[in-house]
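Here the structure comes first, spelled out in structure tokens, and everything after it is commentary.
The values are calculated or read from the model by the stated rules, or taken from the named source; none is laboratory data. As the structure is a prediction and not an experimental result, all values here were calculated from the model. Neighbour counts are summed over all protein chains in view; Cβ atoms, including those assigned to glycine, are modelled from backbone coordinates with ideal geometry. Heads up: the accessible areas ignore ligands, DNA and RNA and are worked out on the full protein's heavy atoms, side chains in. Shrake-Rupley method; radii C 1.70, N 1.55, O 1.52, S 1.80 Å.
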Amino acid sequence: MTIIDAPVDPAVVETLRAAVRGPVFEPGDDGYDDARTIYNVIHDRRPGAVVRAASAADVVATVTAARDHELPLAVRGGSHGIAGFGTCDDGLVLDLGAMRGLRVDPRRRTVRAEPGLTWGDLNHATHAFGLAVTGGIVSSTGIAGLTLGGGLGHLARRCGLSCDNLLSADVVTADGRLLTCSADEHPELFWALRGGGGNFGVVTSFEYRLHPIADILGGPTFYPLDSEVVHGYLDLLADAPEELNLVLGLVQAPPAPFVPEAWHGKPVCAVLTCWSGPREHDDRIRDRLERIGPAVGQFVDRMPYPMLNTLFDDLLPFGLRHYWKGCFNDSLPDRAIDAHVSFAATLPSPESATLIFPIDGACHRVGPNDTAFGYRDATFAVGIGATWHDPADDAANIAWTRAYYDALRPTAMAGGYVNFSSDDDAAQIRANYQHNHHRLVEVKRRYDPGNLFRLNQNIDPGTPE
């Protein structure tokens with residue numbers, strides 16, 4: 001099948017309107033501009049039609065229309081989609097944002113959730129039963145994209161990645177079938193979904209394993225931007241129990257009441273703490289944080305786990321401009337630390353941040369071939385996230401991110417985390433999956449040989465191995 005970029009025939013739109021329960025928007029319709037706009041507004045595109053699916057049946061109808069009429073198909077989950085693959089020019093956009101069904105089974109410690117949900121939605125529902133699962137560090141992040149790309153978050157050291165906790169998934173494939181995938185049903189497809197991104201179909205339901213986590217000790221501690229602070233963070237992490245997750249952020253200090261005004265807007269190191277262990281050890285965790293360096297501001301307290309994922313929501317509302325790059329590291333040598341400190345000193349905006357996520361503990365107990373997320377030998381995932389308001393600043397922010405990324409590459413592993421990749425990173429797809437790439441190509445050839453699902457960090461079924 002050859003997919004072409006061309007306007008959608010009005011007859012196809014009318015056929016879709018008759019086939020689906022959700023609304024369909026085309027240029028000129030009331031609501032079209034809202035329907036076509038995505039979280040990252042640097043990607044301003046005009047699809048031929050947007051289908052806001054109400055059910056798996058709507059997904060089947062939209063996938064079938066795109067396949068039969070050889071139209072580009074962009075699939076949009078519940079939120080961010082920084083790389084912009086949730087929209088396209090001229091083709092069809094399948095918007096899953098209205099599919100928000102959710103059911104917690106507290107006895108089995110599982111939750112089944114639809115792809116339009118955010119982690120804020122899921123955390124709220126599971127917390128009512130004292131349960132949680134790894135899911136990002138911002139509550140507005142969608143569950144679908146994060147899980148399909150791997151899923152780093154505050155609980156990763158204790159519970160593994162989001163994809164490690166996926167028990168089953170319902171998937172609409174390119175031929176219009178709705179398949180239930182698990183370790184026992186369509187196991188190769190299930191393997192590929194856990195880290196292989198949106199390459200293999202449209203997931204209409206995720207079933208996750210939950211963990212008994214209710215309240216945690218968490219929040220940010222801000223330190224001066226200094227390489228010694230980074231070393232202090234690494235020393236603490238090296239012998240930290242798995243219940244202690246520590247994400248290192250290189251940010252501008254926010255105008256928060258617990259940060260002295262003299263530090264507002266200055267580049268700092270931020271350690272985002274999530275201690276999910278016993279309350280009686282809280283003071284010991286605070287003592288450990290003091291060893292990292294002299295804090296210039298701190299908000300670390302007992303809180304419901306869902307609250308931790310909301311602390312930075314106000315900094316990242318819908319409608320900003322973003323450009324991200326990412327890499328994996330098996331260590332952070334001095335050369336890498338110096339590059340981080342140097343570029344953090346020139347952060348281009350208050351919303352921009354570099355985040356360094358630890359990958360160890362439970363993440364390392366999953367084998368490198370057990371899921372499509374193969375970087376089980378990595379120790380850190382680095383995300384460089386430039387975020388800004390004004391289109392006039394596009395070139396400067398993109399150039400800063402690229403220069404920063406280039407400075408890190410000599411000390412980084414070959415590939416990067418797909419959820420930190422931008423739309424211009426196609427050349428590193430093979431490296432992003434390293435030894436698993438050939439197996440992903442085989443799964444792609446089986447379930448999407450025509451590459452209908454190509455608007456993503458694409459695994460081309462025609463890629464020679």
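Got a number for carbon plus sulfur as a percent of the range 33-182's accessible area, 1.4 Å probe?
Details: 2090 of 4460 Å².
After summing per-atom areas, the C and S share lands at 47 percent.
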Leaving out ligands and nucleic acids, note down the accessible area per residue over the chain with a 1.4 angstrom probe, in whole Å². 38 Å²
Work out the charge dipole of the chain with +1 on the Cβ of Lys and Arg and -1 on the Cβ of Asp and Glu about the Cα centre, then indicate which of Phe299, Leu161, Leu117 is farthest towards its positive end. Leu161
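Estimate the FRET efficiency between Phe299 and Phe129 by the formula 1/(1 + (r/R0)^6), using the beta-carbon distance for r and 35 Å for R0, to the nearest 0.05.
E between Phe299 and Phe129, to the nearest 0.05, is 0.85.
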In whole Hz, the Karplus estimates of ³J(HN,Hα) for the range 21-26 (6.51, -1.76, 1.60; θ = phi - 60°; x where Gly or Pro) are 8, x, x, 10, 10, 10
Simple spin-label estimate for His389/Asp215, 7 Å along Cα→Cβ, in nm, reads 3.8 nm
Given the candidates Asn329, His364, Ser352, the one whose Cα lies deepest towards the positive end of the charge dipole of the range 264-380, counting +1 at each Lys or Arg C-beta and -1 at each Asp or Glu C-beta, is Ser352
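State, as an integer percentage, the relative contact order of the chain based on alpha-carbon contacts under 8 Å between residues 6 or more apart. Intermediate values should be presented prior to the final figure.
Values: 1114 pairs, mean separation 73.6, N = 465.
It rounds to 16 percent for the chain.
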Efficiency by 1/(1 + (r/R0)^6): what FRET value for Leu179 and Ala262, r their Cβ-Cβ distance, R0 = 41 Å, to the nearest 0.05? 0.10
Please give, to one decimal in nm, the separation of the simple spin-label points placed at Gln434 and Ala403, each 7 Å out from Cα toward the Cβ. 3.0 nm
Please give the helix 10-19 orientation as an angle from the longest Cα principal axis of the chain, in degrees from 0 to 90, rounded to the nearest 10. 80 degrees
Using a Förster distance of 25 Å, how high is the FRET efficiency between Ala54 and Asp90, based on the Cβ-Cβ distance and rounded to 0.05? 0.55
Indicate, rounded to the nearest 5 percent, the antiparallel portion of the DSSP beta bridges found entirely in the range 73-113. 50 percent
Estimated dipole of the range 373-465 in Debye, rounded to 20 [Cβ of Lys and Arg +1, of Asp and Glu -1, Cα centre]: 500 debye
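Pull out the extension gain between Asp423 and Thr346, defined as 0.36 nm times the separation in residues minus the alpha carbon to alpha carbon distance; nm, one decimal. Please list the in-between numbers first.
Numbers: separation 77, 0.36 × 77 = 27.72 nm, distance 2.41 nm.
Additional length available on full extension: 25.3 nm.
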Separation in nanometres of the label points that stand 7 Å from Cα toward Cβ, at Arg284 and Arg335: 3.8 nm
Within the range 62-91, whose backbone N sits under 17 Å from a point 7 Å along Cα→Cβ of Arg17? 62
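What is the range 136-194's relative contact order, in percent, from Cα pairs under 8 angstrom and six or more apart in sequence?
On the way: 65 pairs, mean separation 14.7, N = 59.
The value is 25 percent.
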Over the C-alpha atoms of the chain, what are the Rg and the largest Cα-to-Cα span, Dmax, in Å? 21.5, 67
